[in-house]
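Quick note: the coordinates plus some simple rules give every number you see, no bench work behind them. Just so it is clear, the model here is predicted, and its values are computed rather than measured. Backbone-built Cβ (ideal geometry, glycine too); neighbour counts: all protein chains shown.
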Amino acid sequence: MAVVVADKINKQEIVMKRMLQLLVVLCCLSAVYVAGEKPGIRARSEIHLPDLSGYVTLKCDFHMHTVFSDGAVWPTVRVEEAWREGLDAIAITDHIEYLPRAADVVTSSNRNRSAEIARGTGAELDIIVIRGSEITRNMPPGHLNAIFLSDANQLAVPEWRDAAKASHQQGAFIFWNHPGWERQLAEDKVVRWYPEHTELLEGKQLHGIEVFNGRSYYPEAHRWALEKKLTMLSNSDIHAPLNLDYHVHAGDRRPMTLVFAEKRTADAIKEALFARRTAVYAENRLIGEEQFLKPLFEKSIQIKKPQITIKGKQRVVVQIANHSDIDYHLQAGPEIPEVATPKILVLPARKTVLLEVRGKGSDAVGKRALELPYRVTNVLVGPEEPLSAVLTLDVLFGK
């Protein structure tokens, strides 16, 4: 009987030792996972877009929510999401009036708290965190974001005009959120500019408008931005964890506002926003004013050897590199008499493609600069108005 008991004890010891060994292995694996996780998961993916002359191109998202209003994540998570995705600056814009998680999360009436929490992580990861709030009212005027606030608590007032005035007195940049949001449209589903928006604009209490929000593009907002000299913005309005709404690891990105700032600081971003130096970057599209989009495109593209020789109907290939993270889609403009080129040309992000140029056997002789007209169909300078671009080649024609 004693032998049987001893045998049981030995087996238990063996089992315990194996369990301990397994626990040690799991702890080691856990430590590796926490420190490095899966390869590439805790890594920043830089967004490659050129700087414009005199400015740096900053990638920003000025509209997002945390658990301090109706979002689903802690403020520090928003900062790390932005860091991983290659952004430079974010604005935390929790709702002023709508606080569905107040009983569980918000232990005080301090509406600055979410930005205060985020700024520590922002400093650690070199992400600029801007304090903002969403003034959440019915249409009109709808939802407004005020960013660069000194004290969001002053916006917690019954009348929306007083909230806008308080924002303006703090020097905030104020913009109209998701103007085409279906839940705030009238029964006819028409996106309207109301007298209240004119009132805000004339009172210098409306400075920008979201042309893109989440997955939605608003052509009307694009048109109003051009007509009324409003800054164009593109923001995620993210509530859930980012990976639930965007397949980041598959190359799907949130919409963002490109800010052409004099330097990478909060003050420089604010100056650029008021000066309307922005563009929309969303779903592989650029939307904005030609003065910014044209050089952005031209600085992205490089014709590696633009000097070519064509005799008669000879075929020549030219290498074109795209150094940006945007796939550019080009459609040929009017034909030219000397050469024929593809009607459709795609310049994939960060790749080099071959452009086939065929002579038409014209009477052209000698050296000349040849301009190939194209329209960049995913770069819009107006609603349904693609950017006009020219690919220039130095051609030596011979018989």
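Placing unit charges on the Cβ atoms of the charged side chains and taking the dipole of the chain about its Cα centre, the candidate lying farthest along the positive direction among PHE292, SER234, ALA156 is PHE292.
The candidate values are (1) 1.29; (2) 0.98; (3) 1.36; the one derived from this structure for Cα Rg over 2.2 N^0.38 Å carries the label (1). Applying 0.36 nm per residue to the separation of THR377 and LYS299 and subtracting their alpha-carbon distance, the gain on full extension is 26.3 nm.
Computed from backbone phi, the HN-Hα couplings of the stretch 393-399 come to 10, 9, 10, 9, 8, x, 8 Hz, rounded to whole numbers (Karplus: 6.51 cos²θ - 1.76 cosθ + 1.60, θ = phi - 60°; Gly and Pro given as x). For ALA266 and GLU356, the FRET efficiency from 1/(1 + (r/R0)^6), where r spans their Cβ atoms and R0 equals 45 Å, is about 0.40. Per residue, the convex hull spanned by the alpha carbons of the stretch 175-220 comes to 74 Å³. The ranking of ILE90, ILE96 from fewest to most other beta carbons within 10 Å of each one's beta carbon is ILE96, ILE90. Ordering VAL346, HIS329, VAL395 by the projection of their Cα atoms onto the charge dipole of the stretch 299-398, which places +1 on the Cβ of Lys and Arg and -1 on the Cβ of Asp and Glu, puts VAL395 at the extreme positive end. Please give the net charge around PHE397, taking every other residue with its beta carbon less than 12 angstrom from that of PHE397, where Lys and Arg add +1 and Asp and Glu add -1. Computed value for this residue: +3.
Of the complete DSSP H runs in the chain, those spanning 18 angstrom or more by Cα along the long axis with a mean Kyte-Doolittle score not below -1.0 are 2-36, 113-125.
Extension gain, GLU199-HIS323: 0.36 nm per intervening residue step, less the Cα-Cα distance, totals 40.3 nm. Here is how the number arises for the chain: DSSP H runs of 4 or more residues each give -39500 (n - 2.57), the sum is divided by the residue count, and the result at 222 nm is -8500 deg cm²/dmol. Across the cross-link table entries LYS59/LYS204; LYS229/LYS263; LYS229/LYS270; LYS189/LYS229; LYS294/LYS367, which are compared at the Cα atoms, the separations over 21 Å belong to LYS59/LYS204; LYS229/LYS263; LYS189/LYS229; LYS294/LYS367. The fraction of Cα-Cα pairs per 5 angstrom bin, counted from 0 for the stretch 280-346, comes to 3, 12, 19, 24, 19, 11, 7, 3, 1 percent, rounded to whole percents. Listed by chain and number, the aspartates and glutamates placed with their C-alpha closer than 18 angstrom to that of LYS305 are GLU356, GLU371, ASP394; residues fewer than eight positions away on the same chain are left out.
From the largest down, the stretch 215-373 spans 60, 36, 31 angstrom on the principal axes of its Cα atoms. About its Cα centre, the dipole of the chain is roughly 1620 debye, where the only charges are +1 on Lys and Arg Cβ and -1 on Asp and Glu Cβ. Counting neighbouring beta carbons within 10 Å and listing from fewest to most, the residues ILE128, ILE308 come out as ILE308, ILE128.
Cβ crowding within 10 Å ranks TYR374, TYR281 as TYR374, TYR281, fewest other Cβ atoms first.
On full extension, the segment bounded by GLN291 and GLU46 gains 85.7 nm, given 0.36 nm per residue less the C-alpha separation. The GNM of the chain, with springs linking C-alpha atoms under 10 angstrom apart, assigns the highest mean-square fluctuation among ALA43, ALA115, ALA225 to ALA43.
Over the stretch 299-398, the Kirkwood radius and the radius of gyration, each from Cα atoms, give a ratio Rg/Rh of 0.98.
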